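Visitor: Here it is, the structure, as structure tokens.
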Amino acid sequence: MKIDPLSKTFIYVMLGIGSILMLLPFVWMISTSLKSGHEVMIMPPIWIPETLHFDNYIKAFDKAPFATYFMNSVIVMVLSTLGEVMTTILAAYAFSRLNFWGKDVLFAFLIGTMMVPGEVLLVPNFVLLSNLGWIDHYQALIVPWTASIFSIFLLRQFFLKIPKELNYAARVDGCNNFKFLWSIMIPIAKPALITIILLKAIGSWNAFLWPLIVTNSKEMRTLPVGLTSFTTEAGTVYELLMAASTMIIFPMIILFIFLQKHIIKGIAGSGIKG
């Protein structure tokens, strides 16, 4: 459908305004991270500090054991992502290619669980992990997040678009289900898998509530939980908090900027449209 120039201009203007509104919190975060403690409390607030205090980043890093928090975040992100990719591949293949009793009913039930708010599951999950003795251990941070219904749904939709003739041809050549999955289906579904990996990595890196609940010691905290170090009974040190937040979020922004095309390609290839 052809769009007239006036409509196209209006769309670009609205997208530009939306982009600016989305960027404002990040600009404010970076600006605050370079302010002095006095400038942070000035009302009305100022956007550009008189002196750029880059030493806030050093102070923020020294305030808490962020090297430990960083390693914990990396370990949790990598292992939970690997676990989710494995379970997603196997489940998506089963629901898209295998025939077994109750497949459609089971898949509909799994999709229905997506309507259950995650907060409802916090207490039963905590009780379960507490009985297993996993609280304040890596198992509590990793195992509950090694499966995702949305990821299974996304990859299943992608698998369904792969012609079944490939499966028939592979069977004629003596290829079993496992070999067909790993040698044919997975390479074709690479865009969807990259999308799942990126979304999972970003979500795991930014997770706050669950790590806060299941960790008690500083040695097991992740980066988002480590931000609570800047809030005490005396108040919040906002300039250091924003400096630490900038350091935490920057790697994910860079990752998303360079790999966002894979997310778009993966979503489009799965047949999910807004």
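Condition check ((1) among the charged types (D, E, K, R); (2) free of Cβ contacts under 8 Å to residues at least 60 places away in the same chain) across all residues:
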site	(1), (2)
LYS179	yes, yes
SER183	no, yes
ILE196	no, no
LEU199	no, no
LYS218	yes, no
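Visitor: Could you give me the residue pairs with C-beta distances under 9 Å whose first residue belongs to region 128-145 and is touching a residue at least 24 places away in the same chain (Cβ under 8 Å) and under 25 Å from MET86 (Cβ atoms), whose second residue is open to solvent by less than 80 Å² (accessible area, probe 1.4 Å) and acidic (Asp, Glu) wherever it lies, and which are 6+ apart or on separate chains?
Guide: TRP145/GLU84
Visitor: Keeping to region 195-241, report how many residues are open to solvent by 40 Å² or more (accessible area, probe 1.4 Å) and farther than 26 Å from GLU119 by Cα.
Guide: Residues in region 195-241 being open to solvent by 40 Å² or more (accessible area, probe 1.4 Å) and farther than 26 Å from GLU119 by Cα: 5 in total.
Visitor: What single numbered condition from (1) more than 20 Å from ARG156 (Cβ to Cβ); (2) of a type in the set (S, T, N, Q); (3) open to solvent by 30 Å² or more (accessible area, probe 1.4 Å) fails to hold for ASN99?
Guide: Only one criterion is unmet by ASN99, namely (1).
Visitor: Small (Gly, Ala, Ser), surrounded by 16 or more Cβ atoms within 10 Å (Cβ to Cβ) and within 17 Å of ILE152 (Cα to Cα): which single residue out of ALA92, ALA108 fits that description?
Guide: Answer to the check: ALA92.
Visitor: Can I ask one more? For region 146-205, give me each residue that is outside any helix (DSSP H, G or I), at pLDDT 85 or above and β-branched (Val, Ile, Thr).
Guide: Result: THR146, single match.
Visitor: Residue check, MET77 against (1) open to solvent by less than 70 Å² (accessible area, probe 1.4 Å); (2) over 19 Å from ILE249 (Cα atoms), all met but one. Which one?
Guide: (2)
Visitor: Could you check region 124-145 and list, in sequence order, the residues that are under 22 Å from the mean Cα position of the chain (by Cα) and part of a helix (DSSP H, G or I)?
Guide: ASN125, PHE126, TYR138, GLN139, ALA140, LEU141, ILE142, VAL143, PRO144, TRP145
Visitor: Also: Being surrounded by fewer than 13 Cβ atoms within 10 Å (Cβ to Cβ) and part of a loop (DSSP other than H, G, I, E, B) is the filter here, so list the residues in region 1-45 that pass it. Full working, then the answer.
Guide: Our first condition is that a residue be surrounded by fewer than 13 Cβ atoms within 10 Å (Cβ to Cβ); within region 1-45, this holds for 1-25, 27, 37-38, 41-45.
Passing the criteria: MET1, LYS2, ILE3, ASP4, MET41, ILE42, MET43, PRO44, PRO45.
Visitor: Does ALA268 qualify as being modelled with pLDDT under 75 and farther than 30 Å from LEU34 by Cβ? So that I can check it myself, show each step before the final result.
Guide: Numbers: modelled with pLDDT under 75: yes; farther than 30 Å from LEU34 by Cβ: yes.
Spelling it out, ALA268 is indeed modelled with pLDDT under 75 and farther than 30 Å from LEU34 by Cβ.
Visitor: Residue under question is THR51, and the condition is that it be in a loop (DSSP other than H, G, I, E, B), more than 30 Å from ILE142 (Cα to Cα) and either in contact with a Pro (Cβ under 9 Å, 6 or more places away or on another chain) or open to solvent by 50 Å² or more (accessible area, probe 1.4 Å) (or both); does it hold?
Guide: Working: in a loop (DSSP other than H, G, I, E, B): yes; more than 30 Å from ILE142 (Cα to Cα): yes; either in contact with a Pro (Cβ under 9 Å, 6 or more places away or on another chain) or open to solvent by 50 Å² or more (accessible area, probe 1.4 Å) (or both): yes.
Yes, satisfied.
Visitor: Tell me which residues, restricted to region 55-102, are touching a Leu at 6+ places or on another chain (Cβ under 8 Å) and among the β-branched types (Val, Ile, Thr).
Guide: VAL76, VAL85, THR88, ILE89
Visitor: Considering each residue of region 80-89, count those that are under 10 Å from ILE152 (Cα atoms) and surrounded by 17 or more Cβ atoms within 10 Å (Cβ to Cβ), and give that number.
Guide: Counting residues in region 80-89 that are under 10 Å from ILE152 (Cα atoms) and surrounded by 17 or more Cβ atoms within 10 Å (Cβ to Cβ) gives 4.
Visitor: Can you go through VAL85, VAL78 and tell me which one is of a type outside the set (Phe, Trp, Tyr), out of contact with any Lys or Arg (no Cβ under 6 Å at 6 or more places or on another chain), under 27 Å from ILE213 (Cα atoms) and touching a residue at least 40 places away in the same chain (Cβ under 8 Å)? Lay out the reasoning, then the answer.
Guide: Details: VAL78 fails: touching a residue at least 40 places away in the same chain (Cβ under 8 Å).
Criteria check complete, one pass: VAL85.
Visitor: Considering each of GLY18, GLY83, GLY102, GLY37 in turn, give the residue that is modelled with pLDDT of 90 or more and of a type outside the set (Asp, Glu).
Guide: Values: GLY18 fails: modelled with pLDDT of 90 or more; GLY102 fails: modelled with pLDDT of 90 or more; GLY37 fails: modelled with pLDDT of 90 or more.
Being modelled with pLDDT of 90 or more and of a type outside the set (Asp, Glu) holds for just one of GLY18, GLY83, GLY102, GLY37, which is GLY83.
The values are calculated or read from the model by the stated rules, or taken from the named source; none is laboratory data. It should be emphasised that the depicted structure is a prediction, and the values quoted were computed from it without experimental measurement. No Cβ is skipped: glycine too gets one built from the backbone with ideal geometry, and neighbour counts run over all protein chains shown. Just so you know, the surface numbers come from the protein's heavy atoms only, side chains and all, with ligands and any DNA or RNA stripped out. Shrake-Rupley method; radii C 1.70, N 1.55, O 1.52, S 1.80 Å.
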